[in-house]
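Taking it in order: structure first as C-alpha cells, then the write-up.
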Amino acid sequence: DTAVSQTPKYLVTQMGNDKSIKCEQNLGHDTMYWYKQDSKKFLKIMFSYNNKELIINETVPNRFSPKSPDKAHLNLHINSLELGDSAVYFCASSQEWDRGQGKLFFGSGTQLSVL
Amino acid sequence: GQSLEQPSEVTAVEGAIVQINCTYQTSGFYGLSWYQQHDGGAPTFLSYNALDGLEETGRFSSFLSRSDSYGYLLLQELQMKDSASYFCAVRDSYNNNDMRFGAGTRLTVKP
C-alpha cells in the first residue's frame, strides 16, 4: 500500500552501461517528478510530467530520458552512465492543486553508484 | 533567478526549541514549504505557508513573511527522533511551478 514506490532501492553498475529506475504511484495524482539528490543532499529537479506534458530541466543531460506509460508510472532511463551520475534519485508525485500547496509525496529513493 | 538560503547545520538538546530560517529569492512566489528527511529516507512534507503568519501543527510551526522573503520552521520540545535534515522549498513560477529546494539544514538533537 506504498503511496509512491520506486525500484530498485540500490543500483550498482559500471560506467557506460544503460539502466532504468521504475516509479509507480497509487495516489491517483496527475503529476510526477524525478529529483536527483547529490552527496551534499542538494535536491534538484530533473523532470516533471503532467497530463502527458514533459517539462525538462535544461541542465539535465539528454542521456536521461523519462518514460510514462500511464499516469501512474514515470520511469527514468539513463544511457551511457558516468561517474557523476552517482546520486540518490527520488521519484515524487502530487495532485495539481496539491502542487499549489507545495505538497509532494516522495518515493523511498534509488541509490545509484556508478563504478 | 531563484535561490533559497538556510543554515547548513543546527545543534540543540532534547526538550529545547530550535528555529531554522530560510530566505528566498524567486521571480514569482506562491508559498514556502518545509520538508523533513531522515538519513537514508525520503523527504516528507511538513508544512506550507502561502500567507504571512504562523501555522502550527503539533510541535512544529512554520512562519512566513512575504515582505521580508523570509520564513522559518520552529521545532518545540525537541526529541532525538527530530534529528534529520530540513529543507525549505518554493514553487518556481518560471519553471512550470515545480518545487525548488534549499540546500537543507542538518539538525542534530543531543541528549
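Any of A:K40/A:K67; A:K9/A:K103; A:K22/A:K67; A:K41/A:K67; A:K44/A:K71 with alpha carbons more than 19 Å apart? Name them for me. Among A:K40/A:K67; A:K9/A:K103; A:K22/A:K67; A:K41/A:K67; A:K44/A:K71, the Cα-Cα distance tops 19 Å for A:K40/A:K67; A:K9/A:K103; A:K41/A:K67; A:K44/A:K71. Against the empirical 2.2 N^0.38 Å (N residues), the protein assembly as shown has a Cα radius of gyration ratio of 1.01. Overall dimensions of chain B, expressed as equivalent-ellipsoid semi-axes from the Cα gyration tensor (√(5λ), whole Å, largest first), are 24, 15, 11. Put the Cα centre of region A:1-25 next to the Cα centre of region B:1-48 and the gap is 27 Å.
A P(r) calculated from all alpha carbon pairs of region A:1-111, with 5 Å bins opening at zero, reads 2, 13, 24, 27, 19, 10, 4, 1, 0 percent.
The calculated Kirkwood hydrodynamic radius for region A:1-50 is 13.0 Å, given to one decimal from all distinct C-alpha pairs.
Coordinate-derived values only; no laboratory data. Keep in mind that what you see is a predicted model, and the values were worked out from it rather than measured.
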